[in-house]
Amino acid sequence: MTRVQKLLEAYESQSEEEADTLTVAIQDWTADPLPMADPCPFCNPPADRIVDETRLVIALRDGYPVSAGHTLVIPRRHVGSFFDTTPAERAEILDAVARVKQVLDEQHAPLAYNVGINDGPAAGQTVAHCHVHVIPRYAGDVDDPRGGVRWVIPSKARYW
């Protein structure tokens with residue numbers, strides 16, 4: 001029996017939290033390596049930029065913010081795509097997005113938010129480590145905010 005088969009067998013007999021940990025371990029051992037910067041800027045970020053952290057995710061201020069408070073929510077495990085994260089990682093990412101919003105509401109009082117993921121180079125991803133942008137929006141930060149993220153493809157944005 002291979003190491004992965006043993007882990008899968010153990011997975012089936014564990015609690016939900018233990019199963020999530022085993023899932024991450026199995027994916028780490030079986031996944032193809034992802035291309036990444038050397039070193040990955042999200043694997044060991046500066047402590048002064050971290051604003052929230054859990055067992056599976058961290059949140060840190062964006063190094064190149066597009067608005068005051070722009071924050072990234074990142075799985076601790078180096079994984080390139082949101083679609084390759086585990087259910088536990090996705091749940092913690094979404095919980096962290098909600099906590100980040102609460103802090104930003106208190107610190108910056110934005111009027112709205114854009115929350116987005118650039119997943120893959122064709123979508124504009126420049127760091128091959130999954131991350132979710134939480135971008136506070138303010139009155140007058142753009143002339144006409146209608147369409148929001150639809151403007152990633154300008155010719156298709158305006159439908160009104």
Fill in: Residue count, segment 77-132 (criterion: among the basic types (Lys, Arg) and on the phi > 0 side of the Ramachandran plot)
0
Discussion item. Take Gly63 and tell me if it is part of a loop (DSSP other than H, G, I, E, B) and surrounded by 15 or more Cβ atoms within 10 Å (Cβ to Cβ).
Written reply: no
Worksheet entry | Matching residues, segment 76-99, being of a type in the set (D, E, K, R), surrounded by fewer than 19 Cβ atoms within 10 Å (Cβ to Cβ) and assigned to a helix (DSSP H, G or I) | Asp84, Arg90, Asp95, Arg99
Fill in: Identity of the residue in segment 100-133, among the polar types (S, T, N, Q) and outside any strand (DSSP E or B), that ends up farthest from the chain's Cα centre (by Cα)
Gln107
Worksheet item: Is there any pair linking a residue in segment 97-120 that is in the same structural domain as Arg49 (by TED's automatic domain parsing) to one that is assigned to a helix (DSSP H, G or I) and modelled with pLDDT of 95 or more, with Cβ under 7 Å and at least six apart or on different chains, and which?
Response: Pro110/Leu104; Tyr113/Lys101; Val115/Val97; Ile117/Phe82; Asp119/Phe82; Asp119/Phe83
Discussion item. For segment 134-146, give me the residue count where each residue is touching a Lys or Arg at 6+ places or on another chain (Cβ under 9 Å) and not in a strand (DSSP E or B).
Written reply: 2
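The values are calculated or read from the model by the stated rules, or taken from the named source; none is laboratory data. None of these values were measured; they are calculated from a predicted model. With ideal geometry, Cβ positions are generated from the backbone for all residues, glycine too; neighbour counts draw on all protein chains shown.
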